[in-house]
1. Any idea which of Gly127, Val88, Ser61 is furthest toward the positive side of the dipole for the stretch 1-150, if Lys and Arg beta-carbons carry +1 and Asp and Glu beta-carbons -1?
2. Estimate the FRET efficiency between Thr22 and Thr136 by the formula 1/(1 + (r/R0)^6), using the beta-carbon distance for r and 30 Å for R0, to the nearest 0.05.
3. At 1.567 mPa s and 4 °C, plugging the Kirkwood radius over alpha-carbon pairs of the stretch 1-84 into Stokes-Einstein gives what diffusion coefficient in µm²/s?
4. Report relative contact order for the chain in percent, whole number only (criteria: Cα-Cα under 8 Å, sequence separation at least 6).
5. Please give the net charge around Lys62, taking every other residue with its beta carbon less than 9 angstrom from that of Lys62, where Lys and Arg add +1 and Asp and Glu add -1.
6. Translational D (Stokes-Einstein, µm²/s) of the stretch 35-102 at 20 °C and 1.002 mPa s when Rh comes from the Kirkwood sum over C-alpha pairs?
7. Note down the magnitude of the dipole of the chain about its Cα centre, charges +1 on Lys and Arg C-beta and -1 on Asp and Glu C-beta and zero elsewhere, to the nearest 20 debye.
8. Using the Kirkwood radius over C-alpha pairs as Rh, can you work out the diffusion coefficient of the chain via Stokes-Einstein at 20 °C, viscosity 1.002 mPa s, in µm² per second?
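What follows is calculated from the coordinates using simple rules that are stated; it is not laboratory data. The shown structure was predicted, so the numbers you read here are calculated from the model rather than taken from an experiment. Quick reminder, even Gly has a Cβ in these numbers, built from the backbone with ideal geometry, and neighbours come from all protein chains shown.
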Amino acid sequence: VSKIDNLYMVGDHNSWNNGDATQKFNTNGNGVFTRIQTFAAGKGFKMIPTSGSWDNDWAESKTTPNMLEQDDEQNIVVSTAGTFMVTVNFNNLSYSLLEVPQNLYLVGSPNGWNNATAPAFTKVSEGLFTKSQALTASDEFKFLPVQGSWDNDWGASKIYSGMIVRDNEDNVKSPGTGTYTITVDFNKGTYSVN
């Protein structure tokens, strides 16, 4: 049994430099680690808990896709090029790669759940979006990568408070009545309404 406080990505994208501290994952201390990374097609990576050391590295199970293994593992290979939110969940020893949207839209109670008129977020930087929005206390909403389409919508995790997920998600609930800044950060896998 070992506690993992830090996690770093190492792979083809950084020439397998295990001392590259810029490859650190973000975490809220809940056993879930998230970061975004751009990959070329067919390139691989794995995770290490200590920058500069290959000890206790993690990658994909050879027998169960999308599951983590520490011994007799294989590199995680990205089949298509793109920028992905990489999520590693040590609570169930799984990982996922979900493409990071280039645009983001808010759909929900404030616009009558009409995805064709969903207002756009402002893209602050790669994977980081913000929007000022008037809300009532009963409002709920989700995030869309393409205006007018329900495909690949994002919402609140049912398990981890403040985290975004793309499948089996809940609606995000308004904290009250007023004008709020909604922030969605795919780098950290989080959302906030302040």
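1. Gly127
2. Here the calculated transfer efficiency is 0.10.
3. Result for D is 98 µm²/s.
4. Answer for the chain is 16 percent.
5. -4
6. 172 µm²/s
7. Using Cβ point charges on Lys, Arg, Asp and Glu, the chain gives about 520 debye.
8. Answer from the Stokes-Einstein relation: 122 µm²/s.
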